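Shown next, in structure tokens, is the structure this report addresses.
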Amino acid sequence: MSSPQTAAITAVHGWLPEDILSNADLEKMVDTNDEWIRTRTGISERRILKDPEKATSDMACEVIKGLCTQRGITPEEVDLVIVATVTPDMFFPSTAQLACHKAGASNAWGFDLSAACSGFLFALRTGSQFVASGTHSKVIVVGADKMSSIVDYTDRTTCVLFGDAASGVLLEADASGATGIQDAILRSDGAGGQYLRMQGGGSLNPSSHETVDNKLHYIEQDGRPVFKAAVTSMADVSYEIMERNGLTADDVSWLVPHQANLRIIDATANRMGVGRDKVMINIEKYGNTTAATIPLCLWEWRNRLTPGENLILSAFGGGFTWGSIWLKWAMEPEA
Ligand code: UT7
């Protein structure tokens, strides 16, 4: 019989830049208004990392350090760091390597994982395998994105949506399997790639004056097809993970959704039969921080959670990528 050992979250930490970009600020930059942004997306403001010398690895470094402090361990004790991001500092070295170096996690190996807004779920699933199998004892999974580095602040269809942040978790074994990651359903479909992407700078369109003139170094999104696919897929997969594990809406303590659009979050909660009072929502303060949204919610809600509670983490994003993870919370609230 296979081991019941699971990977449990034993620390959670988030990091946000101080500078706020409000809807009122955006009204002065593009043809938009607070009313449109709030009713269509649920966003009021987002955080922007303005320091030109700071990048995604600096935010990820703060998360690694914060997790170690919270757990009372040194960064040298960490075995593996996975950074989910679509805004790496550079193609290589990976953001994980840079963040580990800055945090002093000198014994950890690590890598970046690219799955856009589903990045944290893909990375959590990946990291949890190393813990559940017993090969690694302390694994850090970070979602970090400096979206302001790839947003075109003259394009009103995207610039109102995104913000910068990093957040993450420490995973350690629960030998009993009573807490931690219980099940995961992850999916992807490259046919949706054309609707949400950044085309420039890669091997298809290496950076050139032409790619810059054509703004290929910015995120581009055709919002409607993404919205349509997100509403259906995120709701379907969240329902599917409940159904295949025999979980009712009453069994679910919290839905922890990716924060892209309040209307997508509501559609998912409705399909699951879960009321708004059991949905973590902070999109109004931070917008869409891509890979950071889900752990940022866990961090903000950590003192309202108790061991054994059932959490469903769900996301949809570029790729397309989407999925749900069912986990049982393991941490006591802080005193
Ligand atoms: O996290 C990664 C996955 N991404 C997502 O999940 C995003 C999914 N998509 C969405 O959330 C929504 O499609 C958006 C929020 C991006 C857009 O909302 P929408 O209700 O789908 O609006 P739309 O694109 O259909 O545009 C409606 C109108 C258009 O004007 P016309 O053609 O009706 O005259 C747009 O030009 O709203 C206009 N518009 C804006 N108006 C004011 C688009 N952006 C803005 C804006 N301010 N910022």
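Read-outs throughout are calculated quantities, based only on the coordinates presented, and are distinct from any laboratory measurement. It should be emphasised that the depicted structure is a prediction, and the values quoted were computed from it without experimental measurement. Quick reminder, even Gly has a Cβ in these numbers, built from the backbone with ideal geometry, and neighbours come from all protein chains shown.
Here are the numbers for this structure:
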read-out: Rotationally averaged projected area of region 181-328 (alpha carbon convex hull; nm²); value: 9.7
read-out: Loop sites in region 32-119: chymotrypsin sites (Phe, Trp or Tyr not before Pro), DSSP, at most 12 other Cβ within 10 Å; value: F91
read-out: Charge dipole of region 6-178 about the Cα centre (unit charges at C-beta), most positive-ward option of S94, V30, G42; value: S94
read-out: Label-point separation in nm, D152 to R224, each point 7 Å along Cα→Cβ; value: 1.9
read-out: Antiparallel %, DSSP beta bridges [both residues in region 6-178], to 5; value: 70
read-out: Trypsin sites (Lys or Arg not before Pro) lying in DSSP loop within region 223-293, provided at most 11 other Cβ fall within 10 Å; value: none
read-out: Region 236-311 shape via C-alpha gyration tensor axes, a/c threshold 1.5; value: oblate
read-out: Assigned charges on the beta-carbon of Lys, Arg, Asp, Glu; region 181-328 dipole about Cα centre (debye); value: 160
read-out: Principal axis box of the chain, alpha-carbon based, largest edge first, Å; value: 58, 45, 40
read-out: Mean residue ellipticity (222 nm) of the chain, computed from DSSP H runs ≥ 4 via -39,500 (n - 2.57), nearest 500; value: -9500 deg cm²/dmol
read-out: Cβ-placed point charges (K, R +1; D, E -1), dipole of region 67-176 about Cα centre in debye, nearest 20; value: 60
read-out: Lys/Arg +1, Asp/Glu -1 at C-beta; the chain dipole; positive extreme among P225, I9, L80; value: P225
read-out: Eligible aspartates and glutamates near K65 by straight Cα distance, threshold 12 Å, same-chain separation 8 or greater; value: E76, E77
read-out: Proximal lysines relative to K228, as straight alpha-carbon distance under 28 Å, when same-chain residues fewer than 8 apart are discounted; value: K146, K215, K278, K285
read-out: Residue with peak Gaussian network fluctuation, the chain [Cα springs, cutoff 10 Å], from T32, T95, T289; value: T32
read-out: Ranked packing of 203-211, 147-155, 229-237, most packed first, by mean Cβ within 10 Å; value: 229-237, 147-155, 203-211
read-out: Mean-position separation - Cα centroids, region 124-155 and region 30-59, in angstrom; value: 21
read-out: Antiparallel %, DSSP beta bridges [both residues in the chain], to 5; value: 70
read-out: GluC sites (Glu not before Pro) within region 286-335, DSSP loop, no more than 10 other Cβ atoms inside 10 Å; value: E334
read-out: Potential extension, S22-S114 segment - 0.36 nm per residue separation minus Cα distance; value: 30.3 nm
read-out: Span from the region 65-101 Cα centroid across to the region 226-280 one, whole angstrom; value: 30
read-out: Charge dipole magnitude, Cβ of K and R +1, D and E -1 - the chain, Cα centre, debye nearest 20; value: 400
read-out: Which of A267, L247, L186, positive extreme of dipole for the chain (C-beta unit charges); value: L247
